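Structure, as structure tokens:
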């Protein structure tokens with residue numbers, strides 16, 4: 001799930017007030033329009049904020065704004081300072097790279113490294129499969145050349161027709177039991193094979209056993225025992241460059257010192273942050289709007 005940063009100052013920034021006045025709407029309507037524009041731009045704009053091949057009316061339609069007033073809308077955004085107009089008439093989101101371009105670059109880098117890890121793992125699986133096939137073939141050849149003993153209780157048949165090579169089936173289920181696996185299993189709802197694969201992937205992204213345990217503890221502290229919530233916490237730490245529990249605690253300390261508050265999406269569970277324990281950390285997850 002894609003997300004962008006939302007700064008507290010934006011709500012009553014002079015540019016926001018200018019936009020509201022230019023469109024003759026309330027400040028809240030202007031903020032909602034900006035949210036719609038930016039979240040849509042995550043899919044359509046390039047890393048520098050350019051909206052290629054779309055005119056003012058096309059952008060207005062994408063934002064559910066009256067098509068005939070598209071020019072007025074874009075003129076208001078340009079005069080407010082949220083959109084730049086290039087010399088060739090193309091629209092470009094102001095300072096987009098500073099707010100979303102860097103994040104998109106980091107996402108692309110993470111996606112590339114995950115794809116490389118999966119390809120390497122696939123190659124290893126093929127090698128193991130070939131080794132197993134060769135072992136089976138050799139065992140079968142050895143037994144086929146052996147003399148047979150008639151079965152005295154059944155019609156005559158070879159007592160040894162094939163040899164089964166016993167091996168642990170690769171079903172991508174839970175890994176061999178260890179301390180971390182037991183901890184995750186005991187503190188979360190049952191994980192699917194895909195969940196275990198995702199857990200292996202975040203480990204390749206620098207998430208140590210201590211970080212995974214901390215993510216599980218953080219989810220439990222919020223009353224959540226699902227892997228999806230734990231993964232969202234780990235993904236957030238990867239994006240923020242947090243690699244140790246000390247990094248997480250330091251980031252949370254800075255957030256508290258800055259007086260940071262969070263606003264959840266309407267679809268999130270209505271549960272006050274830090275309810276009953278003001279010292280309990282609250283982490284912003286992908287999909288939330290961070291102030």
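The values are calculated or read from the model by the stated rules, or taken from the named source; none is laboratory data. As the structure is a prediction and not an experimental result, all values here were calculated from the model. As a convention, Cβ positions derive from the backbone with ideal geometry for all residues, glycine included, and neighbour counts pool all protein chains shown.
Residues in segment 101-108: is at least one within 30 Å of residue 200 (Cα to Cα), touching a strand residue (DSSP E or B) at 6+ places or on another chain (Cβ under 9 Å), surrounded by 14 or more Cβ atoms within 10 Å (Cβ to Cβ) and in contact (Cβ under 8 Å) with a residue 60 or more places away in the chain? First the steps, then the outcome.
Going residue by residue through segment 101-108, those that are within 30 Å of residue 200 (Cα to Cα) are 101-108.
Those still in the list that are touching a strand residue (DSSP E or B) at 6+ places or on another chain (Cβ under 9 Å) too: 103.
Now drop any that are not surrounded by 14 or more Cβ atoms within 10 Å (Cβ to Cβ), which leaves 103.
Add one more test, that the residue is in contact (Cβ under 8 Å) with a residue 60 or more places away in the chain, and what stays is 103.
Scanning segment 101-108, I find at least one residue that is within 30 Å of residue 200 (Cα to Cα), touching a strand residue (DSSP E or B) at 6+ places or on another chain (Cβ under 9 Å), surrounded by 14 or more Cβ atoms within 10 Å (Cβ to Cβ) and in contact (Cβ under 8 Å) with a residue 60 or more places away in the chain, so the answer is yes.
Quick check on segment 14-28. Is at least one of its residues at pLDDT below 85 and in a helix (DSSP H, G or I)? Scanning segment 14-28 turns up no residue that is at pLDDT below 85 and in a helix (DSSP H, G or I). Taking segment 178-200 as the range and being crowded, with 18+ Cβ neighbours inside 10 Å and part of a helix (DSSP H, G or I) as the test, the residues that pass are 184, 195, 198, 199.
Evaluate the following for residue 24: is it in contact with a strand residue (DSSP E or B) (Cβ under 9 Å, 6 or more places away or on another chain), surrounded by fewer than 19 Cβ atoms within 10 Å (Cβ to Cβ) and assigned by TED's automatic domain parsing to the domain that holds residue 91? Against the criterion (in contact with a strand residue (DSSP E or B) (Cβ under 9 Å, 6 or more places away or on another chain), surrounded by fewer than 19 Cβ atoms within 10 Å (Cβ to Cβ) and assigned by TED's automatic domain parsing to the domain that holds residue 91), residue 24 does not qualify.
Identify, from the list 61, 78, the residue that is in a helix (DSSP H, G or I) and under 12 Å from residue 91 (Cβ atoms).
Exactly one of 61, 78 is in a helix (DSSP H, G or I) and under 12 Å from residue 91 (Cβ atoms), namely 78.
Scanning segment 40-58 for residues that are in a helix (DSSP H, G or I) and crowded, with 16+ Cβ neighbours inside 10 Å gives 41, 56, 57.
So which of 224, 216 is modelled with pLDDT of 90 or more, assigned to a loop (DSSP other than H, G, I, E, B) and assigned by TED's automatic domain parsing to the domain that holds residue 190? Quick ask: steps written out before the conclusion?
On the way: 216 fails: assigned to a loop (DSSP other than H, G, I, E, B).
None of the other options fit; the residue is 224.
Regarding residue 78, is this residue within 17 Å of residue 13 (Cβ to Cβ), free of Cβ contacts under 8 Å to residues at least 24 places away in the same chain and assigned by TED's automatic domain parsing to the domain that holds residue 6?
On the way: within 17 Å of residue 13 (Cβ to Cβ): yes; free of Cβ contacts under 8 Å to residues at least 24 places away in the same chain: yes; assigned by TED's automatic domain parsing to the domain that holds residue 6: yes.
In short, yes.
Residues of segment 203-213 that are over 15 Å from residue 245 (Cβ atoms) and either in a helix (DSSP H, G or I) or more than 14 Å from the chain's Cα centre (by Cα) (or both): 203, 204.
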